[in-house]
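Novice: This is the structure, below, for whatever I ask next.
The values are calculated or read from the model by the stated rules, or taken from the named source; none is laboratory data. Since this is a predicted model, take the numbers as computed values, not measurements. Cβ placement follows ideal geometry from the backbone for every residue including glycine, while neighbour counts extend to all protein chains displayed. The area values use the complete protein model at the heavy-atom level, side chains included, leaving out ligands, DNA and RNA. Shrake-Rupley method; radii C 1.70, N 1.55, O 1.52, S 1.80 Å.
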Amino acid sequence: MCVTDAVSERLEELQLTLGEGPGVDASADGAPVLVPDLDADDVAFRWPAFGPAARTAGAAAVFALPLQIGAISVGVMDLYRRRPGPLTAGQLGDALVFADTATVLLLDRQDRAAAAAGGGTGPAGQPRELALHRAEIDQATGMLTEQLGVGIEEAFVRLRAYAYAHDRRLADVASELVARTLRMGPGPSPRHDGAA
């Protein structure tokens, strides 16, 4: 929904493309995931693709905090550091307060948007900015269900796999699919048509 710089944007894109990383785990488990050193051996085992890619992107440490109140989860707040090292107790306390505040603000925003007649929300009540960001990826996934004759989940996995295998941003691959300059068939090699 929001990134603060190019490194944080790349880290989020990597987690979406690869389907692994601290944010993915924090979302699934509902607990903070604190990784003070992305070069640690357990990182290579836990996230074999994300760890090296995150280091290449400029992060040396990543901290993912779920944005949730009880069973209500609205996302994950990911923080990174350019140098390895754990958060101090004070830094972790501040980060948890920020995560709680962000959760309350997001829930309040969602409530206000739902109260306004159709104002400011996208599909399923998500913020319009997030809906617009994901719309092309969702559209490309839908197109792949037809091109490949597969279900929506497999189409998304194939889209992510193509982006990963070709070291491309997921959003860029989705854009080419929607523009019809890239067509993925059931065979191993996609076609670049060059025309819409």
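Novice: Taking amide H positions as placed in the peptide plane 1.01 Å from N, state which residues far from residue 77 in sequence (5 or more) or on other chains have amide H under 5 Å from it.
Specialist: Residues meeting the criterion, in which the H sits 1.01 Å from N, are 65, 67.
Novice: Provide the per-residue ³J(HN,Hα) series for segment 135-149, in order, calculated from phi with Karplus coefficients 6.51, -1.76, 1.60 and θ = phi - 60°, each as a whole number of Hz, with x at glycine and proline positions.
Specialist: So the J values, rounded to whole Hz, are 4, 5, 5, 5, 5, 4, 4, x, 5, 5, 4, 6, 4, 9, x.
Novice: Gap in Å between the Cα centre of segment 78-111 and the Cα centre of segment 23-58?
Specialist: About 17 Å separates the Cα centre of segment 23-58 from the one of segment 78-111.
Novice: When the accessible area of segment 28-78 is computed with all protein chains present and a 1.4 Å probe, what percentage of it is carbon and sulfur?
Specialist: Working: 1410 of 2460 Å².
About 57 percent, which is the carbon plus sulfur part of the accessible surface.
Novice: Using amide H atoms built in the peptide plane, which far-off residues or other-chain residues are under 5 Å from residue 179 H to H?
Specialist: none
Novice: Sort 82-92, 146-156, 22-32 by packing, meaning the average of other beta carbons within 10 Å per residue, with the highest value first.
Specialist: Working: 82-92: 11.8, 146-156: 14.0, 22-32: 18.3.
By packing density, highest mean first, the sequence is 22-32, 146-156, 82-92.
Novice: At a 10 angstrom cut-off on C-beta neighbours, averaged per residue, how do the peptides 49-61, 171-183 rank from highest to lowest?
Specialist: Details: 49-61: 19.3, 171-183: 17.5.
Going from most to least packed, we get 49-61, 171-183.
Novice: With every protein chain kept in place and ligands, DNA and RNA left out, what is the accessible area per residue of segment 1-54? Probe 1.4 Å, answer in Å².
Specialist: Accessible area per residue, segment 1-54: 49 Å².
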